[in-house]
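The values are calculated or read from the model by the stated rules, or taken from the named source; none is laboratory data. Predicted model, so just to flag it, every value in this text is computed and none were measured. Counting neighbours? That spans all protein chains shown, and the Cβs are built from the backbone with ideal geometry, glycine included. Surface areas here come from the heavy atoms of the whole protein model, side chains and all, with no ligands, DNA or RNA. Shrake-Rupley method; radii C 1.70, N 1.55, O 1.52, S 1.80 Å.
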Amino acid sequence: MMNKTLLTYFYLFIYILLSSGVILYNKWVLSPKYFNFPLPITLTMIHMGFSGAVTFFLVRVFKVVTPVKMTFEIYATCVIPISAFFASSLWFGNTAYLHISVAFIQMLKALMPVATFLMAVMCGTDKARCDMFFNMLLVSVGVVISSYGEIHFNVVGTVYQVTGIFAEALRLVLTQVLLQKKGLSLNPITSLYYIAPCSFVFLSVPWYLLEKPVMEVSQIQFNFWIFFSNALCALALNFSIFLVVGRTGAVTIRVAGVLKDWILIALSTVIFPESTITWLNIIGYAIALCGVVMYNYIKVKDFRASQSPDEIIPDRITKDWKFEKRSSDFYVPDNVSSNRGSGGGNGSLSDMKIDEEAPLISSSRVSHIGRMQLANHATGK
């Protein structure tokens with residue numbers, strides 16, 4: 001039991017490390033003051049191309065997982081619109097790094113529950129409630145106070161980030177509305193396998209119009225190892241989440257996400273000295289965080305109330321998952337899985353709350369996701 005507990009904390013540590021590292025790495029690459037590669041669409045396309053290629057080999061060559069039964073109708077009506085909003089959220093989120101600090105971006109991301117709730121109400125997957133309204137109001141007031149206290153406030157960067165947040169929120173709701181109706185369940189590998197190539201195609205349009213002309217007239221430095229390691233970190237974050245959800249539950253992941261945000265804000269001020277945090281920033285973010293915590297609590301409470309006692313997910317899964325060869329799990333040979341017996345827990349990724357830094361896990365309960373700490377934006381937000 002002690003070894004399993006230590007392993008759980010180790011997985012959480014890896015998740016927090018990779019999630020924070022990807023954000024800081026992207027900022028360093030894009031910032032004109034550091035590596036000076038001010039082409040966020042190009043960087044995102046590198047992530048998508050690399051992720052698509054790796055997952056192709058994992059699915060088609062090494063057969064780590066098997067693809068879902070994807071018809072043209074499902075691809076056209078589900079994957080394409082989801083990929084479009086996913087590409088948009090990454091594009092706007094990465095572009096924000098050119099204008100505002102990492103710390104302020106993390107504070108703005110507290111708006112994710114507000115955006116997700118509004119999109120869910122508009123699409124009919126959630127209902128307007130007084131308690132949720134007051135939580136959203138509290139989060140919004142906190143973000144406004146934090147923005148007012150931002151020394152280097154930039155309207156363009158703020159608009160890019162907020163737009164990216166709402167694009168991601170709409171993607172989450174579409175994932176619920178479209179994929180859930182089709183009965184599809186995708187893990188990080190199969191999600192990237194289907195969504196990354198389509199997102200790459202969508203990103204090629206603004207890249208051709210906005211960044212290709214810049215690359216032709218400017219001397220842009222390209223370091224293979226920098227971009228390879230950057231894309232590898234983004235991909236590793238998606239995979240680390242698969243390990244995390246197998247050992248922890250919704251509450252633990254939410255707490256880890258909040259802890260990650262505070263660590264990231266503190267680290268960004270050390271790594272990027274120009275990122276100055278004021279007391280008004282901290283007070284505003286603390287207020288917004290109170291609203292986020294209350295939102296998460298309500299959603300977890302609602303989710304558990306809707307389940308029978310046998311279906312409630314514990315805060316920590318102590319049993320090993322029994323992985324079978326299906327699209328939502330890693331593949332374990334039949335002789336290995338049969339040796340585990342039938343008593344192993346068979347968790348579902350759709351029951352977990354993840355991170356906007358690696359937002360490629362389809363959830364059948366997106367309206368219950370809260371901040372969606374997985375983020376996101378791993379492939380580049």
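Report, largest value first, the span of the C-alpha coordinates of the stretch 79-144 along each principal axis, in whole Å.
Reported extents, whole Å, longest axis first: 37, 34, 10.
Provide C78, C130 ordered by accessible surface of protein heavy atoms (probe 1.4 Å), highest first.
Heavy-atom accessible area, descending, gives C130, C78.
Principal axes first, then extents: for the Cα atoms of the stretch 1-145, list largest minus smallest coordinate on each axis, whole Å, largest first.
50, 45, 44
Could you tell me which residue out of V177, C233, Y208 lies farthest along the dipole of the stretch 177-262 toward its positive end? Charges go on the beta carbon: Lys and Arg +1, Asp and Glu -1, centred on the Cα centre.
Most positive-ward Cα: V177.
Suppose R0 equals 30 Å; then what is the FRET efficiency for L232 and K69 from their Cβ-Cβ distance, rounded to the nearest 0.05?
According to the calculation, E is roughly 0.50.
At what distance in angstrom do the alpha carbon centres of the stretch 50-88 and the stretch 105-152 lie from each other?
Distance between centres, Cα-based: 31 Å.
Within 10 Å, count the other beta carbons around each residue, average over each peptide in 43-52, 82-91, and list them highest first.
So the order, starting with the most tightly packed, is 82-91, 43-52.
Need one number for the stretch 131-257: average projected area of the convex hull over its C-alpha atoms, nm².
12.2
Which whole-number percent gives the relative contact order of the stretch 13-305, counting Cα pairs below 8 Å spaced six or more residues apart?
With pairs under 8 Å counted, the relative contact order is 36 percent.
For the stretch 241-305, what class follows from the C-alpha gyration tensor (a ≥ b ≥ c being the square roots of its eigenvalues): rounded when a/c is under 1.5, otherwise prolate if a/b is larger than b/c, else oblate?
Oblate, since a/c reaches 1.5 and b/c is not below a/b.
Please work out the Cα convex hull volume for the stretch 13-305 and give it in Å³ per residue.
142
Between F133 and K301, what is the FRET efficiency for a Förster distance of 25 Å, r being their Cβ-Cβ separation, to the nearest 0.05?
Efficiency for this residue pair is about 0.90.
Ranking request for peptides 222-235, 113-126: highest mean number of other beta-carbon atoms within 10 Å first, then the rest in descending order.
Output ranking for 222-235, 113-126: 113-126, 222-235.
What Kirkwood Rh does the stretch 197-310 have if only Cα atoms enter the pairwise 1/r average? Answer in Å.
Kirkwood radius, the stretch 197-310: 18.8 Å.
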